[in-house]
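A.B. asks: One structure coming up, written as structure tokens, with questions to follow.
The values are calculated or read from the model by the stated rules, or taken from the named source; none is laboratory data. Just so it is clear, the model here is predicted, and its values are computed rather than measured. A quick note on method: Cβ atoms are made from the backbone with ideal geometry, for glycine too, and the neighbour counts reach across all protein chains shown. With ligands, DNA and RNA removed, areas are computed over all heavy atoms of the protein, side chains included. Shrake-Rupley method; radii C 1.70, N 1.55, O 1.52, S 1.80 Å.
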Amino acid sequence: LEVPPSDAERAVELELRDLAECASATWDTILQQIRVAQRPPLGQGSGCISRGPFLRLFQAVRQRLRRLGELIAMCIALKRAEMQRIVEGVHLLMESDLPDGDVE
């Protein structure tokens, strides 16, 4: 039985994809700035760079980690809701007058 993904599942999947793409772009851009500041032959700069790019790099990672934690909490809540539905279905089945076996 194939069940299509719910709106919540699609939203989480889309946000995870967007978060990964944003992380990759941000990471690559900031690392490129840092690499360019290195002395030749590794870069084109003097070897000195302000701490701003490093701070942006680590702050971006912290923000993504925070958002991933929020997404994990949402997924856990969705999982619990689905498990509650299963429990309600089992209770309904246990209280029913339906036969225990398949009727042939």
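A.B. asks: Could you tell me the calculated FRET efficiency between residue 79 and residue 51, based on Cβ-Cβ distance and R0 = 35 angstrom, to the nearest 0.05?
C.D. replies: Taking R0 as 35 Å, the efficiency between residue 79 and residue 51 is 0.25.
A.B. asks: Given contacts defined as C-alpha pairs under 8 Å and at least six residues apart, what's the relative contact order of the chain, whole-number percent?
C.D. replies: Computed over the chain, the figure is 17 percent.
A.B. asks: Got a number for the accessible area of residue 57? Probe 1.4 Å, square angstrom, nearest 10.
C.D. replies: Surface open to solvent at residue 57 totals about 10 Å².
A.B. asks: Now, a different point. Helix-derived [θ] at 222 nm for the chain: sum -39500 (n - 2.57) over DSSP H runs of at least 4, divide by residue count, nearest 500?
C.D. replies: -26000 deg cm²/dmol
A.B. asks: Given a 1.4 angstrom probe, what's the average accessible area per residue across the chain, in square angstrom?
C.D. replies: 86 Å²
A.B. asks: What's the local net charge at residue 7, with K and R +1, D and E -1, over the other residues with C-beta under 15 Å away?
C.D. replies: Numbers: positive: 10; negative: 9, 13, 15, 82.
Once positives and negatives cancel, what remains is -3.
A.B. asks: Pop out the carbon and sulfur fraction of the accessible area of the chain as a percent, whole number, probe 1.4 Å.
C.D. replies: 60 percent
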